[in-house]
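Read through the structure below, which is laid out as structure tokens, and then see the notes.
The values are calculated or read from the model by the stated rules, or taken from the named source; none is laboratory data. The structure presented is a predicted model; accordingly, all values stated were derived computationally and were not measured. With ideal geometry, Cβ positions are generated from the backbone for all residues, glycine too; neighbour counts draw on all protein chains shown. Each accessible area value is taken on the protein alone, full model and side chains, heavy atoms only, with ligands, DNA and RNA left out. Shrake-Rupley method; radii C 1.70, N 1.55, O 1.52, S 1.80 Å.
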Amino acid sequence: MSTKIFEGIKAHVAGGAGPSLVQKVQAVFQFDISDKPGTSWVIDLKNASGDVKQGKAEKPDATFTMTDSDFVDVCTGKLNPQVAFMQGKMKIKRSEEHT
């Protein structure tokens, strides 16, 4: 299910929102889906016009790790991101540059 969400984000970034988001965000995010080994996505809102792709980032500014269902619940508003973090459902690792 998370794949559909990432594809939607990709379409939004590629559909013209990318340059504006890059200017505002200036970060590369990696999402590791813990219950689907080898499933990672990168949302690059730092370089060029932005990009969303499956795989791992060379130097992510932040890495989010969570299950597929928790990711979907956060994205659809069923799970508050702060609650997910406090309950250990979402782990966040920031790069040394952003600590």
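Here are a few things to note about the model shown:
- Given (1) free of Cβ contacts under 8 Å to residues at least 12 places away in the same chain; (2) surrounded by 19 or more Cβ atoms within 10 Å (Cβ to Cβ); (3) small (G, A, S), number of the condition G38 does not satisfy: (2)
- Filtered residues of the range 20-33 (kept if open to solvent by less than 70 Å² (accessible area, probe 1.4 Å) and either outside any strand (DSSP E or B) or not aliphatic (A, V, I, L, M) (or both)): S20, L21, V22, V25, F29, Q30, F31, D32
- Filtered residue count, the range 41-57, keeping only those that are surrounded by 17 or more Cβ atoms within 10 Å (Cβ to Cβ), out of contact with any Leu (no Cβ under 8 Å at 6 or more places or on another chain) and not charged (D, E, K, R): 5
- Residues within the range 58-85 that are hydrophobic (A, V, I, L, M, F, W, C), open to solvent by less than 50 Å² (accessible area, probe 1.4 Å) and under 21 Å from S20 (Cβ atoms), tallied: 1
- Any pair with Cβ under 7 angstrom, 6 or more apart, that starts in the range 56-80 at a residue that is closer than 20 Å to G38 by Cβ and modelled with pLDDT of 95 or more and ends at one that is of a type in the set (G, A, S) and open to solvent by 40 Å² or more (accessible area, probe 1.4 Å): T65/S34; M66/S34; T67/S34
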